[in-house]
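The values are calculated or read from the model by the stated rules, or taken from the named source; none is laboratory data. Quick caveat: nothing in here was measured; it's all calculated off a predicted structure. For neighbour counting, all protein chains shown are included, and Cβ atoms are generated from backbone atoms with ideal geometry for every residue, glycine included. Ligands, DNA and RNA are stripped out before the accessible areas are found, and what is left, the full protein with its side chains, is counted by its heavy atoms. Shrake-Rupley method; radii C 1.70, N 1.55, O 1.52, S 1.80 Å.
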Amino acid sequence: MTPEQLSTLAALPQLALSVRQPWVHCIFELGKPVENRTWPTKFRGPVCIHAAKGMTAEEWLDGLYVARAALPEGDAGPAFPGRKDERRLPRGGIVGTVDIVDCVTRHESPWFFGPYGFVLANPKPCEFIPVKGALGFFDWRKNLEATR
């Protein structure tokens, strides 16, 4: 790796949270403000978002329907990417950062369907970094070697 690439990696948060597509796309491109989970967290602060390797046709379709319902009426927003659009739906690596600012059991956003929601702020995409994912919060740097 070049010194620039190492510097970029060092500037990213230590922990990552794996999210499946197309929800990652919705966070960074459509303003999805909450990540639904079956478990709560007390964690607050910056975290890397890891785009999970897998995405089923059903998951993509669910994302499309929720995005259509969540966007303001009459606002088509950016066209929803096709299921096989690897450029707009990258998988298997770090794609950006967000701040987790709360964990809730209710949220006014149409993106929330719980039972828990990690409230997100300041989504910032980054250059794709291939990394093996894991459950829960994980130290993504420990998984860099697994992808080489």
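Got at least one residue in region 5-18 being hydroxyl-bearing (Ser, Thr, Tyr) and in contact with a Lys or Arg (Cβ under 8 Å, 6 or more places away or on another chain)? Steps first, please.
Start the filter on region 5-18 by keeping residues that are hydroxyl-bearing (Ser, Thr, Tyr), which leaves 7-8, 18.
Filter once more, so that each one left must be in contact with a Lys or Arg (Cβ under 8 Å, 6 or more places away or on another chain): none.
Checked region 5-18: no residue is hydroxyl-bearing (Ser, Thr, Tyr) and in contact with a Lys or Arg (Cβ under 8 Å, 6 or more places away or on another chain).
When PRO40 is evaluated against the numbered criteria (1) more than 16 Å from ALA121 (Cα to Cα); (2) assigned to a strand (DSSP E or B), which criterion, by number, is the only one it fails? Failed condition: (2).
When PHE118, PHE113, PHE137, PHE128 are checked against the criterion of being farther than 19 Å from GLY45 by Cα and within 14 Å of the chain's Cα centre (by Cα), PHE128 stands alone in meeting it. Taking region 54-72 as the range and being in a loop (DSSP other than H, G, I, E, B) and either exposed (fewer than 15 other Cβ atoms within 10 Å of the Cβ) or free of Cβ contacts under 8 Å to residues at least 40 places away in the same chain (or both) as the test, the residues that pass are GLY54, MET55, THR56, PRO72.
Taken over region 12-28, residues that are open to solvent by 20 Å² or more (accessible area, probe 1.4 Å) and either of a type in the set (Lys, Arg) or over 13 Å from THR97 (Cα atoms) (or both) amount to 2.
Please go through region 100-123 and pick out each residue that is of a type outside the set (A, V, I, L, M), in contact (Cβ under 8 Å) with a residue 12 or more places away in the chain and either surrounded by fewer than 13 Cβ atoms within 10 Å (Cβ to Cβ) or assigned to a loop (DSSP other than H, G, I, E, B) (or both). Break it down into steps so the answer makes sense when it comes.
We begin by selecting, within region 100-123, every residue of a type outside the set (A, V, I, L, M); these are 102-103, 105-118, 122-123.
Then drop every residue that is not in contact (Cβ under 8 Å) with a residue 12 or more places away in the chain, which leaves 102-103, 105, 107, 109-118, 122-123.
Within region 100-123, THR105, HIS107, SER109, PRO110, TRP111, PHE112, PHE113, GLY114, PRO115, ASN122 meet the criteria.
Got a number for residues in region 79-99 being touching a Lys or Arg at 6+ places or on another chain (Cβ under 6 Å) and either outside any strand (DSSP E or B) or open to solvent by 30 Å² or more (accessible area, probe 1.4 Å) (or both)? Before the answer, list the steps.
Here is the first cut: in region 79-99, the residues touching a Lys or Arg at 6+ places or on another chain (Cβ under 6 Å) are 81, 91-92, 96-97.
Now drop any that are not either outside any strand (DSSP E or B) or open to solvent by 30 Å² or more (accessible area, probe 1.4 Å) (or both), which leaves 81, 91-92.
The total comes to 3.
Against the list (1) closer than 17 Å to PRO125 by Cβ; (2) modelled with pLDDT of 90 or more, the condition GLY77 fails is (2).
In this structure, is THR41 open to solvent by less than 30 Å² (accessible area, probe 1.4 Å) and more than 15 Å from the chain's Cα centre (by Cα)? In short, yes.
If the condition is being open to solvent by 40 Å² or more (accessible area, probe 1.4 Å) and in a strand (DSSP E or B), then region 127-148 contributes GLU127, PHE128, PRO130, PHE137.
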